[in-house]
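The values are calculated or read from the model by the stated rules, or taken from the named source; none is laboratory data. No experiment lies behind these values; they were computed from the predicted model shown. Here the Cβ is made from the backbone with ideal geometry for all residues, glycine too, and neighbour counts use every protein chain on show. We work out accessible area using only protein heavy atoms, side chains counted, and drop any ligands, DNA or RNA first. Shrake-Rupley method; radii C 1.70, N 1.55, O 1.52, S 1.80 Å.
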Amino acid sequence: MEIQEIKIKMKYIYLLSCLLISTVVFSQKTEKILSPDKNLEVTFTLNKGIPNYSINYKGKQILEDSPLGFITNSGDFSKDINFVKATKGEVNKQYNQVKIKQSNIEYKANTLKVTLQNGDEKEMAILFQVSDNDVAFRYELSKWGDTRTCIIKKETTGYKFPSVTTSFLSSMMNPMSGFARTAPSYESGYVVDASMESNTSKEGYVFPGLFRIGDHGWALISETGVNSQYCASHLSAYSNGVYTVTYPNEKENDGFGSVGAQIGLPGVTPWRTVTVGETLEPIVETTIPFDVVEPLYKPSQEYKYGRGTWSWIVWQDNSMNYEDQVKYIDLAAAMNYEYILIDAWWDERIGYEKMESLIKYANAKGVDVFLWYNSNGAANDAFMTPLNKMNTAIARKEEMKWLKKVGVKGLKVDFFGGDKQETMRLYEDILSDANDYGLMIIFHGTTLPRGWEKMYPNYVGSEAVLASEMLIFSQDVREKEAYYASLHPFIRNAVGSMEFGGVLLNKYLNKGNSKGQKRLTTDAFQLATAVLFQNPVQMFALTPNNLNDVPDFELDFMKEVPTIWDETKFIDGYPGKYSVIARRHGNKWYVAAVNAEDKAKKIKLKLPMLKGQTLIMYNDNKNRETYQSNVDVSKKGELSITIQPKGGFVLTK
């Protein structure tokens, strides 16, 4: 009996010792970091070997405990994690970037670097940078002995919002679906202000995603710093109260290429970003996608941004002939525009030899040329030409040599195959090679740009939105044009340039402009989008007949509207209902608004930067007819104004 008791006691002592050891190994560890103004707080916790983080803003919870970590082919960094050390620091830098919503930026952030070790004693770190309204974090992987490379198979990084949260999300498209099996191309609509449980999508959601946390405030989540060394990611479907960072579907790019990321060691992941605020002001004005990245190469020359015309958007494929392109060059010259975009089929229907003479004609008129290219070789079934010119280094450099010789200034490259690292390499290769030949790049049928305006000096915009072409093709998109336009300043255009190709002043969206696809928004609405949508090179959807059938004051506005901005301000709005923002170019302010609702909306604007000034107003009357008049902003900087349904206005000096 005594022996049995001794055995029981020894077993009890052993179990207690194991429990104590476990408690020591996986003890809770907490580290906090505040923004410079101390309103934004990020808390890192390590509890029982599981890393998490949470975010509070002005004492209100934005994100509850949310998972961190990733899984590689060399080990699991999402559980059984041990704390090594934490270091804090500061970032304070200034930079200039004329291609985004603000030209002169000062970025101040406090940093927290938490170094951790997994069960195999392999180290990694999580670096947090917290500025006044933005949280950015990434994973930093060490070299593990002689191991110099690894495959990151998946992330466990997640976002757990309080249950009162509503979502404003666009679904990830099914891979290899859509036109010529070219999806995903970030061209889905939005479901807005919906409960997280009801906003369901099997494929998840594209970045960025906007969330309203009840009365606590707003959060915009995205990623930045994606280059050829990683894949792009998106949000998972909502599951067990959490959205998770998700890598591409294996079916993208016709099933070719890894769905994870292959990186060299030491190495880093892209940045995950969370922008927060009590109002939508920090969301509209954030520069975090650019604050945490750096240029990857120097520009080969000084690139010139501006406006252009393009025939394809309204006149479509049949306009791809020499005579119609001359008409659009003449239109660009009449509007004092810098560019013309010559779209698909030019190589077959105009030809290389005649294109050289067409470029000379454009240059003689003071107009430079962008040419369209198909990116494809094997990723999907897109068949438009030029084809097989951009997908291999040998063909691409040979083509770009000719493009430089004949004086082309930029390319619009279309139809990419998804978000795999394989495709990210193609984006970067096109950009890098194009810079060597002095060419700017617009991407179409494409993914979201992720800090690319700063990373790649010759990058000048991406579509990645239900853009103007869908107004031509879809009655549903025409009916929702104002609705989508009211969303973009708060979501898509908040994190990157958006090459929309808008300002359609034809009453009917076709060459005849007499019947067919009727435009459902007003002219003032269209003028407003020239300011509301930001992209350093804007290919507007004007047509040659507009020189005669559009009022002179509208044409005068379109002749002067800039495409680069020194400052952007949120004025008013609610995504899905209406939007009012202000942009400054030099000393001149433009205030633009659109109304997505079915009733006229009277709003009282606060415009302190324009107080006491008389402004030119472009607005609509009750009959939805656009007019120009003068309005006075009060000495308090206030102005009451009415926006007509599916209408808009612009205020300027």
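Things worth noting here:
- Rounded to two decimals, the Cα-based Rg/Rh of the range 99-144, with Kirkwood Rh, is 1.18.
- Per-pair calculated FRET efficiency, R0 = 45 Å: residue 323 and residue 194 via Cβ, rounded to 0.05: 0.35
- Only lysines eight or more places from residue 397 in sequence, or on another chain, were considered; those with a Cα closer than 19 Å are 298, 389, 405, 409, 412.
- For peptides 470-482, 451-463, sequence by mean Cβ density within 10 Å, most packed first: 451-463, 470-482
- Every pair of different Cα atoms in the range 588-653 enters the Kirkwood calculation, which places the hydrodynamic radius at 12.0 Å.
- Calculated mean residue ellipticity, 222 nm, the chain: -6000 deg cm²/dmol, from DSSP H runs (n ≥ 4) at -39500 (n - 2.57) each, averaged per residue and rounded to 500.
- Positive end of the dipole of the chain (Cβ unit charges, origin at the Cα centre): among 92, 540, 72, the Cα lying farthest that way belongs to 92.
- Computed label-point distance, nm, for sites residue 394 and residue 48 using a 7 Å Cα→Cβ extension: 5.9 nm
- Inter-label distance for residue 510 and residue 357, nm, one decimal - labels placed 7 Å from Cα along Cα-to-Cβ: 3.3 nm
- Whole-percent carbon and sulfur share, accessible surface of the chain, 1.4 Å: 48 percent
- q = 0.07, 0.09 Å⁻¹: log10 I(q)/I(0) that the Debye formula gives for the chain, counting C-alpha atoms only: -0.46, -0.75
- Per residue, the accessible area of the range 574-653 comes to 48 Å² when a 1.4 Å probe rolls over the protein heavy atoms.
- Sites residue 301 and residue 90, calculated FRET efficiency, Cβ-Cβ separation with R0 30 Å, nearest 0.05: 0.25
- Residue 117 versus residue 627: modelled label distance in nm, points set 7 Å from Cα along the beta carbon direction: 7.6 nm
- By the Stokes-Einstein formula, at 1.567 mPa s and 4 °C, the range 154-267 with its Kirkwood radius over alpha-carbon pairs has D equal to 86 µm²/s.
- Mean Cα-pair separation over length for the range 357-457, i.e. relative contact order, pairs under 8 Å, 6 or more apart, %: 27 percent
- Solvent-accessible surface of the range 296-423, averaged per residue with a 1.4 angstrom probe and all protein chains in place: 39 square angstrom.
- Mean Cβ neighbour count within 10 Å, used as a protection proxy, ranking 296-309, 423-436, 323-336 highest first: 423-436, 323-336, 296-309
- Packing-based order for 126-138, 256-268, using average beta carbon neighbours within 10 Å, highest first: 126-138, 256-268
- Vicinal HN-Hα couplings computed from phi for the range 378-384 (Karplus, 6.51 cos²θ - 1.76 cosθ + 1.60; Hz; Gly/Pro x): 8, 7, 7, 9, 4, 10, 4
- Integer Hz, Karplus 6.51/-1.76/1.60 couplings in order for the range 43-52, x for Gly and Pro: 10, 9, 10, 10, 10, 6, x, 10, x, 9
- For the range 495-653, the spread of Cα coordinates along the three principal axes comes to 48, 33, 30 Å, biggest extent given first.
- Potential extension, residue 406-residue 609 segment - 0.36 nm per residue separation minus Cα distance: 68.5 nm
- Couplings for the range 496-511, taken from phi via the Karplus curve 6.51 cos²θ - 1.76 cosθ + 1.60 with θ = phi - 60°, read x, 4, 10, 8, 8, x, x, 6, 9, 9, 5, 6, 10, 8, 7, 5 Hz in order; Gly and Pro are left as x.
- Between the beta carbons of residue 385 and residue 147, assuming R0 = 51 Å, the FRET efficiency works out to 0.65 to the nearest 0.05.
- Calculated over the range 407-511: convex hull of Cα atoms, volume per residue (Å³): 124 Å³
- Backbone N atoms of the range 319-346 closer than 18 Å to the 7 Å Cα→Cβ label point of residue 98 belong to residues 337-339.
- Quotient of Cα Rg and 2.2 N^0.38 Å for the range 351-477, N being how many residues it contains: 1.08
- For the range 43-130, the solvent-accessible area of protein heavy atoms averages 41 Å² per residue (probe radius 1.4 Å; ligands and nucleic acids excluded).
- Axial C-alpha extent at least 24 Å, average Kyte-Doolittle at least 0.0 - helices from the chain (DSSP): 2-25
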